[in-house]
Amino acid sequence: MPTTPRPEPVHRSTDWARSAAYVLVIASLTVLAASGMNGWPQVILIGLAALGAAAALVREEYPYALLVVAWATTAFATQVLLIPALFNLGVRRKGRRGLLAIALTFVLLGVVAARGERLVSVDGVDLEAWTSVGSWLLNSIVVVLVPYLIGTAVAARRDLTDSYRIRAEHAEAERSARAAEAVLLERARIAREAHDVLGHKLSLLTMQAGGLELNAHAGGEVVEKQAQLIRRSARAALDDLRSIIGSIETPDWLDSEATERSLVPQDILGIEKLITESRSSGAIVDLVSSDLTTPEMLPEKTTRAAYRIVQEGLTNAHRHAPSAPVIVSLAGSPGQHLVIEVRNAVTDPVSETERPGHGGRGLPGLQERARTVGGELTVTESDSVFIVRADLPWPAADTDQTEASG
């Protein structure tokens, strides 16, 4: 798994503040070390300190530059600049090369130990009485290891803070992506609802307008009756469109259940109304429900799915075979399945884009709707008869009550 790179500093002001802190520390240590010098040694030390300050400004790109200046200062006069240099090396955490640099620093301190400079003093302890190795080791630990380990701890803290920030950003991005996906899915669902509702109404309007055209010379009373029928259908379509738009404008428009309840009848009478509307538009539609028992016990989701399946089946029949008879069959009982069939003779073959699996919003959408309630929908054509068949689950009555109480 690839490691996440350390992010760049978020605020530029933080970089400048840290650089200023490095320069201030280098200047302070140089002043302390140069206070006991005069002449050219003091000038050279100040010059080396200036180089160290410049190296501190580019410490991220060139972490060893400050250490090289500190080595030169240590060889010439004082080891004080090793403290910020090794702290910076610990912050950058250069792995094996960093350890090699620490080892070289230990060697350098051993070489210059004869100068007698020590940055460590302990009250009550005579370091001069120690062996040269012991004194060098104590001085090296304080000058080299302690700054390096503090720098490493600071780097670990920064990494931890950065990891928390990255996790928070990823979590926020994931939440935004999920929210965007939910919006897209809901838009697709509302588009499907609009297709189902308006497609059916417009197919009825098309049939009614065709009937008006055929009956144009049948007399004023027939024409007026047909025009009134068209007006009622258009008004119903407009009302359904307003319901869809209104469901989007409400604060809980992402509640798909509430949106669908406002558009779909919650009982089997809605299917009978669909068939009545088709008949009043001039279609020949028969409803066969003799094998359907206790339809009032159908689950709400199953009823809505059944309504949409019959609605789209009628729409498809009216669109492609407006003059052909349509038979709608409903059968089933609690504990078994609700079986729905919409049959019509084929007079205008259905295009491939309307068949399941070809990306249309009609019949392919019905397969998805059937699957959401645990059912199955098939579309077949046999002996010039187009058949839409759906098998939807119908739990037993005691199962429904148990789920309702749970």
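The values are calculated or read from the model by the stated rules, or taken from the named source; none is laboratory data. No experiment lies behind these values; they were computed from the predicted model shown. Every residue, glycine as well, gets a Cβ built from its backbone with ideal geometry; the counts of neighbours run over all protein chains shown.
Computed values, structure above
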| read-out | value |
| --- | --- |
| Filtered residue count, the range 347-375, keeping only those that are surrounded by fewer than 16 Cβ atoms within 10 Å (Cβ to Cβ), at pLDDT below 80 and touching a strand residue (DSSP E or B) at 6+ places or on another chain (Cβ under 9 Å) | 2 |
| Residue count for the range 43-59, restricted to those that are crowded, with 20+ Cβ neighbours inside 10 Å and free of Cβ contacts under 8 Å to residues at least 24 places away in the same chain | 1 |
| Among residues of the range 61-92, those that are within 43 Å of the chain's Cα centre (by Cα) and surrounded by 15 or more Cβ atoms within 10 Å (Cβ to Cβ), counted | 8 |
| Restricting the range 386-406 to residues that are under 36 Å from the mean Cα position of the chain (by Cα) and either charged (D, E, K, R) or at positive phi (or both), the residue that is modelled with the highest pLDDT | D391 |
| Some residue of the range 118-135 being modelled with pLDDT of 75 or more and either not hydrophobic (A, V, I, L, M, F, W, C) or not assigned by TED's automatic domain parsing to the domain that holds W40 (or both) | no |
| Pairs, first free of Cβ contacts under 8 Å to residues at least 40 places away in the same chain in the range 176-190, second assigned to a helix (DSSP H, G or I) and surrounded by 10 or more Cβ atoms within 10 Å (Cβ to Cβ), C-beta under 9 Å, six or more apart | L185/S256; R187/I248 |
| Within the range 376-394, tally of residues that are buried (at least 17 other Cβ atoms within 10 Å of the Cβ), of a type outside the set (V, I, T) and under 22 Å from P325 (Cα atoms) | 4 |
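Rundown of residues vs (1) crowded, with 16+ Cβ neighbours inside 10 Å; (2) in a helix (DSSP H, G or I); (3) at pLDDT below 85, yes/no style:
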position	(1), (2), (3)
T259	yes, yes, yes
A283	yes, no, yes
L287	yes, no, no
Q311	yes, yes, yes
A317	yes, yes, yes
